[in-house]
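The values are calculated or read from the model by the stated rules, or taken from the named source; none is laboratory data. None of the values given here were measured: they were computed from a predicted structure. Note: ideal-geometry Cβ built from the backbone for every residue, glycine included; neighbour counts use all protein chains shown. The protein model used for the area step is the full one, side chains on, heavy atoms only, and it has no ligands, DNA or RNA in it. Shrake-Rupley method; radii C 1.70, N 1.55, O 1.52, S 1.80 Å.
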Amino acid sequence: MAAADRFSNAPPHALVAFPRMGARRLLVLGGLALFLGGTVLGDIFAVFILHPNADRIGQSLAAATAAVRQHRAEEAGQSFAAIGGFLENRGTKVDAHAHMIGFGYLAMLLAILFPWIRLSEAACRRLAALLITGGVVLPVGVFAIHYVGLAYSPLESIGWASVIADGAGLLVVIACAGFLAGLWRHWRTGEPPAEDALLRDRSWTGRVLLAGGTLLILAGFLHGAWYAGMDLYAQEHQDHDLLAAMTDSASLDPGPGLIPERAGTALNAYGMLQADHAVTIAAHSHIIEFGLIALMAGFFQPFVFLSEAWKRRWAVVLLLGSVTLPVAVLLELRFGLVAGGVADVGGALVIAALAGMLTGVLRYTGRLDATAESDSRGASA
């Protein structure tokens with residue numbers, strides 16, 4: 001059945017549940033946009049920042065080890081300060097990426113729960129605007145922390161970027177408190193929610209995304225449990241032993257500008273240990289993250305105004321990318337840049353699928369508005 005034909009039965013319910021400039025529409029569009037923006041940011045970070053940053057940290061750690069051995073306290077301090085800067089650069093990018101996707105989850109979850117929120121449409125619209133505004137501004141503020149620093153800040157240890165991020169976080173807290181109050185009011189009344197025709201549909205695409213997302217989350221939990229039980233504690237002991245070996249080597253002096261063999265071996269092993277830890281945690285978190293995205297997207301397939309064939313294609317592409325990226329990340333230590341390139345391709349597949357679904361939702365809203373305007377002109381004629 002053509003998309004336009006399928007849509008012709010939707011407006012009587014959809015215009016009520018998904019009105020122009022309505023809170024639920026804002027939550028769905030904002031949530032998908034935050035998903036997409038966070039995924040794009042993560043892919044760019046992985047390609048252009050992650051690996052060069054790791055190399056710089058390794059070089060600075062080697063320089064710090066040599067400076068400690070040669071009792072050059074000032075150079076050792078500079079090397080550790082550089083390591084701190086590289087870690088801050090990495091951490092702010094990861095935090096911005098994670099927060100943007102996390103706020104996307106929150107917006108989509110509230111859109112699912114919308115029939116159970118007992119507030120006026122105007123109040124919900126204001127709360128949704130606060131949530132989306134905070135969800136955009138906070139990651140931008142976190143991203144800017146590394147570059148803005150404490151410049152022109154009236155506070156001794158908190159810069160303007162941090163202040164802006166904290167203010168945006170407060171907006172999100174206020175919005176969540178308001179929506180929770182609406183849920184509590186509904187619970188107090190004990191009334192059943194109005195029938196939600198938009199979420200009642202369970203097409204092939206929706207079922208596949210719901211099932212695939214659940215399996216991805218389960219796989220992520222099982223992988224995390226296996227890692228915690230088999231490797232985590234052993235790696236913590238190895239981490240301590242390698243740092244102790246690098247420290248003990250400071251008393252050895254193989255010659256000017258040289259690193260003792262024991263320290264060099266320990267330094268290389270420490271780098272590989274940290275890399276193994278990083279890729280394992282990244283694979284674990286990404287497979288759960290993509291599982292949640294697929295799960296949320298499965299609920300909202302009735303909102304995607306595309307042909308059934310394209311909806312199926314985007315669902316398959318999303319799940320394929322969601323599996324490819326974490327598996328390739330796990331293989332990066334064995335296959336190097338080849339696995340890293342495959343992981344980036346997996347991220348690109350997720351981005352393409354989310355962009356396709358967001359386009360479908362935008363087409364859906366445009367069709368709703370066009371139908372409403374046509375009905376209004378017909379009634380006034």
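Modelled label positions at Ser285 and Ala122, each set 7 Å beyond Cα in the direction of Cβ, lie 4.2 nm from each other.
Averaging 1/r over each pair of different alpha-carbon atoms in region 288-369 and inverting the result gives 13.4 Å, the Kirkwood hydrodynamic radius. Each residue of region 24-30 is assigned a 3J(HN,Hα), and the resulting list reads 5, 4, 5, 5, 5, 5, x Hz, derived from the Karplus form 6.51 cos²θ - 1.76 cosθ + 1.60 (θ = phi - 60°), x at Gly and Pro. Could you let me know the centre-to-centre spacing of region 123-174 and region 321-353, using Cα atoms, in angstrom? Going from one Cα centre to the other spans 31 Å. Using only alpha carbons, region 98-212 has a radius of gyration to Kirkwood radius ratio (Rg to Rh) of 1.12. The protection proxy used here, the mean number of other Cβ atoms lying within 10 Å of each residue, ranks peptides 24-34, 300-310 as follows, highest first: 24-34, 300-310.
Of Phe299, Phe80, the order by accessible heavy-atom surface (1.4 Å probe, DNA, RNA and ligands excluded), from most exposed downward, is Phe80, Phe299. 3J(HN,Hα) couplings calculated from phi for region 117-134 with the Karplus curve 6.51 cos²θ - 1.76 cosθ + 1.60 (θ = phi - 60°) are, in sequence order, 9, 9, 9, 5, 4, 5, 5, 4, 5, 5, 5, 5, 5, 4, 5, 5, 4, x Hz; Gly and Pro show x.
Convex hull volume of the Cα atoms of region 35-169, normalised per residue: 124 Å³. Accessible surface area normalised per residue over region 285-359 is 38 Å², counting heavy atoms of protein chains with a 1.4 Å rolling probe. Per-residue packing, averaged as other Cβ atoms within 10 Å, sorts the ranges 281-294, 343-356 into the order 281-294, 343-356, beginning with the highest. For region 310-353, what does the relative contact order come out to in percent, with C-alpha contacts under 8 Å and a separation of six or more? Worked out over region 310-353, it gives 52 percent. Pairs of alpha carbons in region 115-176 separated by more than 13 Å make up 63% of all such pairs. The peptide list 323-335, 211-223, put in order of mean Cβ contacts within 10 Å with the highest first, becomes 323-335, 211-223.
Computed from backbone phi, the HN-Hα couplings of region 160-168 come to 5, 4, 5, 4, 5, 4, 5, x, 5 Hz, rounded to whole numbers (Karplus: 6.51 cos²θ - 1.76 cosθ + 1.60, θ = phi - 60°; Gly and Pro given as x).
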